[in-house]
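The values are calculated or read from the model by the stated rules, or taken from the named source; none is laboratory data. Not measured: the values here are computed from a predicted model. For neighbour counting, all protein chains shown are included, and Cβ atoms are generated from backbone atoms with ideal geometry for every residue, glycine included.
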Amino acid sequence: MKQFKLSLLSAAVMAVSAQAADYSKQTIIVEGSSLRPGEFGLAPDSSALKDTAALLKRVPGANINRNGPLTGIASYRGQFGSRVNTVVDGMSWKEVGPNSMDPPLSHIPAALTDNLSVYRGIAPISSGIETIGGSMSAESRKSKFASSEEFELHGLASLGYSDVDAGLSSSLFTSYANNQHRFHASLSKEQGDDYEFDGGKLDPSQYDRDAYTVGYGTRMGAHELAINYSNNDTGHTGSPSLPMDIIWVRGGVFSADYTLNLGEDRSLDVSYYYQDMRHLMNNFSLRPNGVMANKHRQNKTLVDGGGLSAVYHMPVSGGDLALGLEGDQSNHDGKITDPTNGMFYVDNFSGVERDRYSLFTEWKGDIAKNLELETGLRYTRVEMDSGSVDSSMAGMMAVAILRDNFNASDLSQTDHNWDFDAILRHAVSDELSLELGFARKTRSASYQERYLWIPLEATGGLADNRVYIGDVNLDSETAYQLEAGLEYAANGLYVAPRAFYHRINDYIQGEVISGTTANMVAGVMSGGNTTVLQFANVDAELYGMDVEWGYELDGDFRLDGAVSYVRGRRRDAGDNLYRIAPLNTRVQLTYQQGDWSIATEVEAYSAQNDVAEYNGELKSAGYALLHIRGEIEPVVGFNVGLGIENILDKQYADHTGAINRAKGNDDLAVGEKVLGNGRNVYITASYEW
């Protein structure tokens with residue numbers, strides 16, 4: 001009997017092309033799936049995707065919490081933001097915006113993305129620090145070594161247009177390499193207007209972003225070295241679910257990677273990166289102030305930091321052992337001012353530091369015939385601190401009390417976190433395999449949850465229209481995770497259901513506080529009575545299941561699809577967790593013939609009635625959307641894509657899309673759920689050489 005094993009680097013679930021910001025072949029990879037590339041072929045896809053995070057909607061269990069066209073926060077099985085370990089080119093990039101206006105996946109435009117990988121289920125210990133909500137990795141386009149000493153020139157150019165937002169996109173990537181040296185450079189530009197829906201436009205939802213990368217790699221014998229620099233320049237971009245819009249985000253990341261191949265399956269991988277970014281946002285350039293015309297607010301923030309990792313691989317006891325030492329540091333500052341009043345200021349965050357030092361060991365190998373074990377252990381020390389804060393409003397006694405209490409508290413905090421996992425995979429036959437896993441995962445508080453000292457909405461992109469304050473003494477979250485699944489592939493059919501249960505102690509979320517100094521301050525700042533939420537430790541649970549499947553029909557037809565369901569609840573109170581997508585499914589029928597293909601897709605979501613009462617989360621209605629997409633390669637290397645999304649021009653609100661916060665929109669009132677794109681006709685073209 002042929003032995004069957006699941007590969008950690010598994011296969012492509014979907015290959016997508018022709019996005020508004022990406023007109024070249026991309027691949028979504030689900031780690032932990034046995035589907036092999038090409039079993040169900042390539043699928044033409046959409047031009048409406050403005051950022052790499054939008055690809056997550058095609059991954060079982062994954063979704064996206066969108067606060068603006070370029071502000072897509074990764075979500076996996078009901079957890080999102082800092083709970084999901086999101087790595088870009090091996091680096092844990094930090095957000096410069098305290099409201100996640102620039103989440104990690106926004107730092108790499110879809111045009112410059114090579115692939116997006118998501119670990120399905122329990123994230124391996126080696127996949128990163130703080131993986132309580134899963135782990136995913138995006139890789140940008142880079143040059144590849146050639147097979148001979150002769151240098152080869154390769155490249156890709158793309159253009160595209162989408163009419164729902166008059167969006168124009170372009171990108172260029174080129175590489176020059178032989179078997180010892182490789183060079184590459186790329187650039188992209190995306191811009192668009194407010195997008196349309198049945199009944200109006202969403203204002204502000206325009207976007208403007210330029211990005212470029214340059215890199216070099218060399219290898220000599222057992223040594224391989226690579227350096228890379230990427231730069232992001234985002235201009236005026238709306239974020240209607242947040243109190244401010246992006247005026248600009250600027251800066252870049254430098255990285256260096258070194259690999260030493262020691263032979264006999266032994267190797268050493270060393271990586272380093274440094275990040276330096278600046279961000280300006282305000283509440284008056286892209287939206288009217290309304291009744292707050294005398295309260296112009298702008299917030300200038302910065303982040304700088306970096307990380308270093310060293311991982312040694314070697315064979316042990318018939319398997320592969322990894323020993324790793326990793327760490328990163330980040331420094332955050334933010335100051336709110338009023339350009340019409342030079343005296344006004346609030347130190348939103350002042351000299352905040354969040355440093356992580358971690359070491360791990362992980363082993364993977366066969367412990368019996370057709371039985372594989374993957375297990376790991378990680379220790380992480382998280383050190384956090386903040387400088388003293390102040391505000392021009394400290395003349396108000398209540399603000400002075402908040403400031404003085406914060407500055408007098410023990411701002412230096414240290415957490416000691418332990419993670420463990422054990423995953424068994426059993427190959428019952430060549431067609432059927434089973435998986436069972438258990439893990440303990442942890443996460444320390446974010447700097448917003450710990451050091452937000454005055455009632456504000458700088459909450460890591462929660463976008464719930466509530467003001468929060470932090471708690472310096474928050475405990476680390478601890479999750480106990482169970483996973484069970486099977487995979488069956490035979491006779492053109494592939495199906496892989498997974499069920500999971502996460503029991504989370506000390507889950508961090510907002511709790512209503514009343515009669516406090518913070519409530520007095522919030523009432524004065526808002527001009528009325530305002531309920532303040534304070535980040536606190538509660539007990540929660542998440543459970544559900546997701547299924548990916550595919551079937552090759554007779555001829556050149558195939559069906560692919562996924563179903564996802566997550567339920568999140570408080571264990572210590574009768575409430576639900578916030579911003580969780582309802583039961584949803586995707587089904588795509590594709591016909592592929594030679595150099596052309598066409599696909600129809602149905603995307604359906606049920607109503608979400610299990611909403612979080614603590615922050616007034618709105619219920620959302622169910623909906624179904626129909627799309628059609630086609631692609632043709634009339635000449636080798638030249639591809640043209642054409643499609644229509646939301647053909648029926650259905651008016652709908654994505655539950656994870658939050659509410660509208662922008663005043664002055666005649667087509668969507670403040671407090672209503674943000675509506676999704678209307679009918680979108682797009683065309684794309686790319687040439688690869």
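Per-structure values
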item	result
VAL399 being crowded, with 21+ Cβ neighbours inside 10 Å, touching a Phe, Trp or Tyr at 6+ places or on another chain (Cβ under 7 Å) and closer than 30 Å to ASN341 by Cβ	no
Single residue of GLU633, GLU548 found to be out of contact with any Pro (no Cβ under 6 Å at 6 or more places or on another chain) and in a strand (DSSP E or B)	GLU633
Pair list, Cβ < 7 Å and 6+ apart or interchain, from segment 219-231 residues that are in contact (Cβ under 8 Å) with a residue 24 or more places away in the chain to residues that are of a type in the set (Val, Ile, Thr)	GLU224/THR259; LEU225/THR218; ASN228/THR213; TYR229/THR213; TYR229/VAL214; SER230/THR213; SER230/VAL253
Selected residue (criterion: farthest from TRP363 (Cα to Cα)) from residues of segment 376-395 that are part of a strand (DSSP E or B) and among the polar types (S, T, N, Q)	SER391
Residue list for segment 415-445, restricted to those being within 20 Å of ASN85 (Cβ to Cβ), in a loop (DSSP other than H, G, I, E, B) and hydroxyl-bearing (Ser, Thr, Tyr)	SER444
Subset of segment 173-219 (residues that are more than 24 Å from the chain's Cα centre (by Cα), closer than 24 Å to PHE145 by Cα and of a type in the set (A, V, I, L, M, F, W, C))	ALA177, PHE183, ALA185
Of all residues making up segment 168-186, the number that are over 12 Å from GLY215 (Cα atoms) and either modelled with pLDDT of 95 or more or not hydroxyl-bearing (Ser, Thr, Tyr) (or both)	5
Of the criteria (1) surrounded by 18 or more Cβ atoms within 10 Å (Cβ to Cβ); (2) within 24 Å of the chain's Cα centre (by Cα); (3) hydrophobic (A, V, I, L, M, F, W, C); (4) more than 30 Å from LEU202 (Cα to Cα), which one ALA256 fails	(1)
Condition check for ASN646: surrounded by 16 or more Cβ atoms within 10 Å (Cβ to Cβ), more than 30 Å from THR530 (Cβ to Cβ), touching a residue at least 60 places away in the same chain (Cβ under 8 Å) and of a type outside the set (D, E, K, R)	no
Some residue of segment 619-627 being among the polar types (S, T, N, Q), exposed (fewer than 15 other Cβ atoms within 10 Å of the Cβ) and more than 25 Å from ALA536 (Cβ to Cβ)	no
Segments classed as strands (runs of 3 or more DSSP E), wholly inside segment 124-200, with at least 2 members that are surrounded by fewer than 20 Cβ atoms within 10 Å (Cβ to Cβ) and touching a strand residue (DSSP E or B) at 6+ places or on another chain (Cβ under 7 Å)	152-162, 167-177, 181-192
Failed item, numbered, when ASN491 is tested on (1) of a type outside the set (Asp, Glu); (2) within 30 Å of ARG66 (Cβ to Cβ); (3) surrounded by fewer than 18 Cβ atoms within 10 Å (Cβ to Cβ)	(2)
Within segment 518-547, considering residues that are in contact with a Gly (Cβ under 8 Å, 6 or more places away or on another chain) and over 30 Å from TYR501 (Cβ atoms), the one modelled with the highest pLDDT	THR530
Single residue of ASN282, ASN299, ASN331 found to be modelled with pLDDT of 95 or more, farther than 30 Å from SER444 by Cβ and under 30 Å from the mean Cα position of the chain (by Cα)	ASN282
Residues satisfying the stated conditions in segment 668-687, i.e. surrounded by fewer than 16 Cβ atoms within 10 Å (Cβ to Cβ) and either in contact with a Leu (Cβ under 6 Å, 6 or more places away or on another chain) or part of a loop (DSSP other than H, G, I, E, B) (or both)	ALA669, VAL670, GLY671, GLU672
Residue check for ASN405: closer than 29 Å to ASP102 by Cβ and not in a strand (DSSP E or B)	no
Single unsatisfied condition, ILE108 versus (1) surrounded by fewer than 24 Cβ atoms within 10 Å (Cβ to Cβ); (2) of a type in the set (A, V, I, L, M, F, W, C); (3) at negative phi	(1)
